[in-house]
Ligand SMILES: *Cc1c(COP(=O)(O)O)cnc(C)c1O
């Protein structure tokens, strides 16, 4: 046997590229393959006297590849330098305010990460028997209980990997419920302000989307809703506060109308940050709720990292939940926690326990905050959004001028008419003022939309600085050459303005992309 020790290679191999300051500028970071030098390693093996076993002895010839894979060969020093430089070219929740509406990009307390890397949690094999993982099962059961308490629901599945996966799970639960009652329904109603994943999930779930318009106040038009409700409607998907950041005040009447035709109410809980600890979807009349733990409950969100979208349901839907579910066993001798599945279950929607370490972070966040702390999260998130809305109302248009919840939707419509500067230009300029851009052109029903969600984690000083930056951008636009400057922004970021359409349609997810962009 040999020990693996990480060590910096004592001397760089001959040749190769030295990284000096000029190379660390814009568009200049080489790929690891370009840094590669034959024989360079970021580890070395120490001989311990135990005879080595060769690869040939371990893996039969027919399973071995003819030649080693063409991996980059770099020293630890080059590797760490490479990723550190790349990390400095990013914007992140750890760096500064990230007011990306509809996404709750808030600072995530580091204590949650510290818990998620505890060896007792991180190093457990998911296939370990329940008798060896009582602590993990207890954690999962307690998280489920807390999420049910927060949502006003009876039970939850922790399996879905993200919000959209929770939506599909919820729609499958809806279908299972109607099937069990001998009904085949075809339609699911969603408002025109809905997040794009809602209609996509409805379609994937095998239902037909029926859209209801918003009224002048930005809420579901109740009469229009009543007009589309019939016994072919399986349910309605809503997020409250809605995607305009407004609370659906008619929610009790909406719930009654949908229930009257035998439909179910699905709550898209991605906006829970606005109401957590204050109002419960279950009390509003919802039957199914998904939560985005990676938005509300302390998992870094973005970059495609793991998330979790638990789905909580009211009592009548509990039998259909995905299984197996971690379960507290009846008190007795032996294990206190195990796994259970009901015969009516829709089956698995994720392997093993779901994204378990995200679940551990969420429970940590809940325990650290407690009920009062969670309520304060929502109150401060709402206060911050209203502060921004009020402060910026003279500078940008406020399409729905009434108190908002955790996010406010502004518009650059007048700015565009008077100067030609669009919401997109404002967003790009903001990047070089030290803030992440807000969401733009969404919700679709607002012209030149700028959707800001400051979250509870930003201080008054940060909000001041953000508002000042947005005011500065609007003021610059009327100066000579100002519109042109905004149209060419950002000027100071590692990557300047990309062709948005080409970037989305012509994906080149390999390192060749860099050359492609440059050409
Ligand atoms: C983010 C979001 C979703 C989707 O969640 P993912 O985890 O990204 O799949 C759904 N609805 C709303 C309102 C959201 O903001």
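The values are calculated or read from the model by the stated rules, or taken from the named source; none is laboratory data. The model shown is predicted, which means the values in this text are computed figures rather than measured ones. Don't worry about glycine lacking a Cβ; one is built from the backbone with ideal geometry, like all the others, and counts go over all protein chains shown.
Numbers below:
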| quantity | calculated |
| --- | --- |
| Condition met for residue 249 (at pLDDT below 95 and surrounded by fewer than 18 Cβ atoms within 10 Å (Cβ to Cβ)) | yes |
| Residue check, residue 161 within 16 Å of the ligand (Cβ to nearest atom), on the phi < 0 side of the Ramachandran plot, under 18 Å from the mean Cα position of the chain (by Cα) and not in a loop (DSSP other than H, G, I, E, B) | no |
| Unmet requirement for residue 335, which otherwise passes all of (1) in a helix (DSSP H, G or I); (2) touching a residue at least 60 places away in the same chain (Cβ under 8 Å); (3) over 19 Å from the mean Cα position of the chain (by Cα) | (1) |
| Test set (1) within 16 Å of the ligand (Cβ to nearest atom); (2) assigned by TED's automatic domain parsing to the domain that holds residue 321; (3) over 18 Å from residue 314 (Cβ atoms); (4) not in a helix (DSSP H, G or I) - residue 188 fails condition number | (3) |
| Some residue of the stretch 439-446 being in contact with a helix residue (DSSP H, G or I) (Cβ under 8 Å, 6 or more places away or on another chain) and surrounded by 22 or more Cβ atoms within 10 Å (Cβ to Cβ) | no |
| Options 377, 349, 311; residue that is in the same structural domain as residue 154 (by TED's automatic domain parsing), in contact (Cβ under 8 Å) with a residue 24 or more places away in the chain, touching a helix residue (DSSP H, G or I) at 6+ places or on another chain (Cβ under 7 Å) and buried (at least 24 other Cβ atoms within 10 Å of the Cβ) | 311 |
| Test: residue in the stretch 89-105 that is part of a loop (DSSP other than H, G, I, E, B), farther than 29 Å from residue 335 by Cβ and in the same structural domain as residue 320 (by TED's automatic domain parsing) | no |
| Residue match in the stretch 204-226 (condition: buried (at least 23 other Cβ atoms within 10 Å of the Cβ) and within 24 Å of the chain's Cα centre (by Cα)) | no |
| Residue 171 being within 16 Å of the ligand (Cβ to nearest atom), farther than 30 Å from residue 454 by Cα and touching a helix residue (DSSP H, G or I) at 6+ places or on another chain (Cβ under 8 Å) | yes |
| Subset of the stretch 55-88 [surrounded by 15 or more Cβ atoms within 10 Å (Cβ to Cβ) and outside any helix (DSSP H, G or I)] | 72, 73, 74, 75 |
| Meets criteria (farther than 30 Å from residue 387 by Cα and under 20 Å from the mean Cα position of the chain (by Cα)) for residue 92 | no |
| Test: residue in the stretch 384-397 that is touching a residue at least 60 places away in the same chain (Cβ under 8 Å) and not in a helix (DSSP H, G or I) | yes |
| Wholly enclosed helices (runs of 4 or more DSSP H) of the stretch 417-519 bearing at least 2 residues in contact with a strand residue (DSSP E or B) (Cβ under 6 Å, 6 or more places away or on another chain) | 423-431 |
| Residue 357 closer than 30 Å to residue 91 by Cβ and surrounded by fewer than 22 Cβ atoms within 10 Å (Cβ to Cβ) | yes |
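Conditions tested, residue by residue: (1) modelled with pLDDT of 95 or more; (2) under 11 Å from residue 359 (Cα atoms).
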{"site": "118", "(1), (2)": "yes, no"}
{"site": "130", "(1), (2)": "no, no"}
{"site": "137", "(1), (2)": "yes, no"}
{"site": "142", "(1), (2)": "yes, yes"}
{"site": "149", "(1), (2)": "yes, no"}
{"site": "155", "(1), (2)": "yes, no"}
{"site": "158", "(1), (2)": "yes, yes"}
